[in-house]
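Participant: Below you will find the structure I want to go over with you.
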Amino acid sequence: MSRSRGSYYSALKRITRVVNSALSLRKICNYIAKNTARAMQVNGCRILSLNARKEYLITVGTYGLSDLYLKKGPLDARKSLPDILEGKIVFIADATKDERIQHPQIAQTQGIASILGVPVLGKGEAIGEIRVYTREPRKFSEADKSFLLSVANICAVVFERAELHQLLEQDYKTQTREKRRKSSQVSALLNTHLRPTTFAHPSEEDFAKLLDFYCIEWLYEPRSFPLKWEGDKIVEMFTPDFYLPELDVYIELTTLKQNLLTEKNRKLRQIRQLYPEVNVKLITKNDFAKLLAKYGYGPLGEAKVEGVDRVLYSHAQIQRRIRTLSRHISRDYAGQRLVLIGILKGVVCFMADLMQNLSIPVTVDLMAISYYGGDGQVVKITRDLDSSITGQHVLMVEDIVDTGMTLNYILGHLSAHNPASLRVCTLLDKRARRLVNVPLDYVGFEVPDEFVVGYGLDYKGEYRNLPFIGILHPELIKDDELQ
Ligand code: 5GP
């Protein structure tokens, strides 16, 4: 297929128009990726930015690539097609066989054949890359390469402007809120160390693995927040352990003795006061152990359970709440058909009762996924939908939303199929532990930060058949192990 100069010219015209708009960096880069892919008649395009220490490449714009391929996390700049960062144009004829490809198995499962990559150069130095991908093997012409290089030049300007904007914005906020701070200090603190080779603490590595499993991009200690000054000198700073760019949240993981928590909490309060736009969450040692125990890992993973300690919601209470939820759903979808989608196995009781109470026509589909196993895998859909949901109204039915990572992943997967609408109904919402802010349209009960079982929910495969929802015996939480 020939790609005319005309189509390249109009793509460049569209791109330059958007570059000058007030859209965010991510939106501009997604737009550039889409127009580049369409003009070149390729299946996907990815725009990557190199971190300041030139260690990692982070995706800042994409088009046409699946989540799995994209969210493999930042790419190691030394391993992933390093020639591009040396200023060369790289062409891969067959990505599944070429040893220059870092994840050939993913390229294979995603059906990627050829790749063309060019550097994004700022003042003669590589600051990023653009890569385009095709499903069928393809050769690229000189005109293709020259078009992609022109797009790369535009990206260089976008990157530099975004960086400047970030510094100026930071500078402005700093000046108005705390006159003593100097812009030079602020810019020096915008350090970007990504993916460390070693973590300060093993629990940080565990947490990074968990994020990797859910394909959530993370940066390690990317920014330090000054908290206290003496004259112009910063005398106290706080560096949260993680930043999750897509969720715009900083995470501080504290596995310290609980008495040191007070000090951490004080710092967090200060951050929230000085930087109200910054979203920081604290995960304590206790929270983290509970999180891992959910998957049978960590200090609590092997704990023996005596049985159910107390009933949280009786069978009758659950049924009453489901009738109310069903009424709301039937009213909201009146005159429409609805596809209910659930994830096995926890949702079976709730799904069965909910659908029997709905007064609108529904179809039901079930998915199954692999859960975190600490083995370096990412979420795997082990049973996908039976029927297409494109153009359908979809209601995702969940048993419980805890951190929100599972639901976030599944919603990404479902929305890629372009349903007419996509909403969520969950029986239980454990809001206290939310990491990813997923929208919940219908909620049965908000539950406390405790491990619940029954009515479909299990602990190591058991307790699903209980007709009520209960909290496990506190034996599970051996507090002395956590101090
Ligand atoms: P998330 O990804 O939101 O952290 O976790 C969602 C999944 O974790 C749920 O679908 C459920 O399988 C499991 N989960 C989270 N909290 C609990 C709980 O308190 N009890 C049980 N049995 N499973 C839970």
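The values are calculated or read from the model by the stated rules, or taken from the named source; none is laboratory data. Since the structure is predicted, the reported quantities are computational estimates derived from the model, not experimental observations. Please note: Cβ atoms are built from the backbone with ideal geometry, for glycine as well, and neighbour counts cover all protein chains shown. With ligands, DNA and RNA removed, areas are computed over all heavy atoms of the protein, side chains included. Shrake-Rupley method; radii C 1.70, N 1.55, O 1.52, S 1.80 Å.
Participant: What is the Rg over Rh value, at two decimals, for the range 306-406, using alpha-carbon atoms and the Kirkwood definition of Rh?
Facilitator: 1.02
Participant: In a Debye calculation with equal point scatterers on the alpha-carbon sites of the range 77-126 and no solvent, what is log10 I(q)/I(0) at q = 0.17, 0.31 Å⁻¹?
Facilitator: -0.51, -1.16
Participant: State log₁₀ I(q)/I(0) for the range 336-483 at q = 0.13 Å⁻¹ as given by the Debye formula over alpha-carbon point scatterers of equal weight, solvent excluded.
Facilitator: Here log10 of I(q) over I(0) equals -0.62.
Participant: Could you order the peptides 37-47, 430-440 from most to least packed, using the average number of other C-beta atoms within 10 Å per residue? Can you show the working numbers first?
Facilitator: Details: 37-47: 22.5, 430-440: 16.5.
Descending packing order for the listed peptides: 37-47, 430-440.
Participant: On a full-extension model of 0.36 nm per residue, what is the gain between GLU205 and GLU236, subtracting their alpha-carbon distance, rounded to one decimal in nm? Please list the in-between numbers first.
Facilitator: Values: separation 31, 0.36 × 31 = 11.16 nm, distance 2.58 nm.
The GLU205-GLU236 span can extend by a further 8.6 nm.
Participant: With the full set of protein chains in place, find how many percent of the accessible area of the range 291-439 is carbon and sulfur; take the probe as 1.4 Å. Numbers along the way, then the final one.
Facilitator: Details: 3140 of 6650 Å².
Result for the range 291-439: 47 percent of the exposed heavy-atom area is carbon or sulfur.
Participant: With every protein chain in place, what's the accessible area of ARG331 (1.4 Å probe, Å², nearest 10)?
Facilitator: Around 150 Å² of this residue is reachable by solvent.
Participant: With label points built 7 Å along Cα→Cβ from the Cα atoms of GLU142 and SER7, find their separation and express it in nm.
Facilitator: Those two pseudo-labels are separated by 2.1 nm.
Participant: Same structure again: What order do ARG5, ARG78, ARG26 take when sorted by accessible area (1.4 Å probe), most exposed first? The partial results should precede the final answer.
Facilitator: Numbers: ARG5 195, ARG78 150, ARG26 95 Å².
Output order, biggest surface exposure first: ARG5, ARG78, ARG26.
Participant: Please find the FRET efficiency linking ARG269 to GLU246, where r is the Cβ-Cβ separation and R0 is fixed at 25 Å, and quote it to the nearest 0.05.
Facilitator: Numbers: r = 26 Å, r/R0 = 1.04.
The calculated FRET efficiency here is 0.45.
Participant: Next question. Hey, if we sort THR324, THR382, THR403 by accessible area with the 1.4 Å probe, largest down, what's the order?
Facilitator: Sorted descending by solvent-accessible area, the residues read THR382, THR324, THR403.
Participant: Obtain the radius of gyration and the Kirkwood radius of the range 362-413 from its C-alpha atoms and give Rg over Rh. Before the final figure, lay out each step's value.
Facilitator: On the way: Rg = 12.3 Å, Rh = 12.6 Å.
Reported Rg/Rh (Cα atoms, Kirkwood Rh): 0.97.
Participant: Can you tell me how the range 20-64 classifies by the Cα gyration tensor, rounded, prolate or oblate, using a/c under 1.5 as the rounded cut? Don't skip to the end; give the middle numbers.
Facilitator: Values: a/c = 3.07, a/b = 1.37, b/c = 2.24.
Verdict is oblate for the range 20-64.
Participant: Round to the nearest 0.05 the FRET efficiency obtained for GLU160 and TYR295 when R0 = 60 Å and r is the Cβ-Cβ distance.
Facilitator: Given R0 = 60 Å and the Cβ-Cβ separation, E is 0.90.
Participant: Hey, if you put +1 on the Cβ of every Lys and Arg and -1 on every Asp and Glu Cβ in the range 319-358, which of THR324, MET351, ALA334 ends up farthest toward the positive end of that dipole?
Facilitator: The listed residue farthest towards the positive side: THR324.
Participant: Taking 22 Å as the cut-off for C-alpha to C-alpha distance, list the pairs among LYS285/LYS380; LYS294/LYS345; LYS290/LYS460; LYS345/LYS430 that go past it.
Facilitator: Working: LYS285/LYS380 28 Å; LYS294/LYS345 15 Å; LYS290/LYS460 14 Å; LYS345/LYS430 18 Å.
As for pairs spanning more than 22 Å Cα to Cα, those are LYS285/LYS380.
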